[in-house]
2 protein chains.
Amino acid sequence: MTIGRWAPVAHPDVESVVVDDVLRALADPTRRQIVRLLLAEGDRACGTFGLPVAASTLSHHFATLRKAGILRQYDDGRQRMNTLRLDELENRFPGLVRVVLDAG
Amino acid sequence: MTIGRWAPVAHPDVESVVVDDVLRALADPTRRQIVRLLLAEGDRACGTFGLPVAASTLSHHFATLRKAGILRQYDDGRQRMNTLRLDELENRFPGLVRVVLDAG
């Protein structure tokens, strides 16, 4: 049984996700870099992205991506893990994530 | 010679446009509808889009799209016209505009 340090988090159903929120969430280079790393290397703990931003800022970025339906968070012991919801997003917004990542 | 009622407007070089601004500009259903109409039917005067929003709101939407490099505005007599910068955008961000419009 996992004993997490973290508050439980909510994830929207992909059907309730609107493209406005996805676009706003992806309109930030740090958030795109998070998505790019998850896409390239799979699930990853919040503290392991190696991005040059403060922990509180990073936490905000993860929450923005989670609320937009882009990633799912789960606890693994003392780590908060992140997983990209790529299949769900692809189904709802075909091609969107990859074309945005390719754009910059 | 054209005598415009309008203040001159600036258009960013497509090379200076960043994807963050394009995504934020497209993260609004009214602005996507403007782009969709320009894509489907070509150049169009500001007052002819038939969108259910106040003129001042519409004016803000056009400015947002213009500053993001998505459309170009020019005067034709007393009308302010809008033209989509699709070729330039396609060249800089391949596939982006169409995949976003298809997304919703």
*If residue B:10 satisfies every condition in (1) closer than 27 Å to residue A:28 by Cα; (2) in contact with an Asp or Glu (Cβ under 9 Å, 6 or more places away or on another chain); (3) at pLDDT below 95 but one, which is the exception?*
(2)
*Selection status of residue B:72, out of contact with any Lys or Arg (no Cβ under 6 Å at 6 or more places or on another chain), surrounded by 12 or more Cβ atoms within 10 Å (Cβ to Cβ) and outside any helix (DSSP H, G or I)*: no
*asked:* Among the numbered criteria (1) under 15 Å from the mean Cα position of the chain (by Cα); (2) part of a helix (DSSP H, G or I); (3) more than 14 Å from chain A (Cβ to nearest Cβ); (4) surrounded by fewer than 17 Cβ atoms within 10 Å (Cβ to Cβ), which one does residue B:62 miss?
replied: (4)
*Name the single residue, out of those in region B:26-59 being within 14 Å of chain A (Cβ to nearest Cβ) and assigned to a helix (DSSP H, G or I), that is nearest to residue A:24 (Cα to Cα).*
B:26
*Tally, over region B:75-89, of residues that are at pLDDT 95 or above and either out of contact with any helix residue (DSSP H, G or I) (no Cβ under 6 Å at 6 or more places or on another chain) or under 14 Å from residue B:37 (Cα atoms) (or both)*: 7
*Would region A:58-79 turn up any residue that is among the charged types (D, E, K, R) and without any contact (Cβ under 8 Å) to a residue 40 or more places away in the chain?*
no
*Name every residue in region B:27-48 that is buried (at least 19 other Cβ atoms within 10 Å of the Cβ) and more than 16 Å from residue B:72 (Cβ to Cβ), in order of residue number.*
B:27, B:32
_For the structure I just gave you, tell me whether residue A:20 is assigned to a helix (DSSP H, G or I) and not hydrophobic (A, V, I, L, M, F, W, C)._
yes
*Would you point out which residue out of B:15, B:90 is without any contact (Cβ under 8 Å) to a residue 40 or more places away in the chain and not aromatic (Phe, Trp, Tyr)?*
B:90
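The values are calculated or read from the model by the stated rules, or taken from the named source; none is laboratory data. Computed from a prediction, not measured in an experiment: that's the story for all the values here. So basically every Cβ, Gly included, is an ideal-geometry build from the backbone, and we count neighbours across all protein chains shown.
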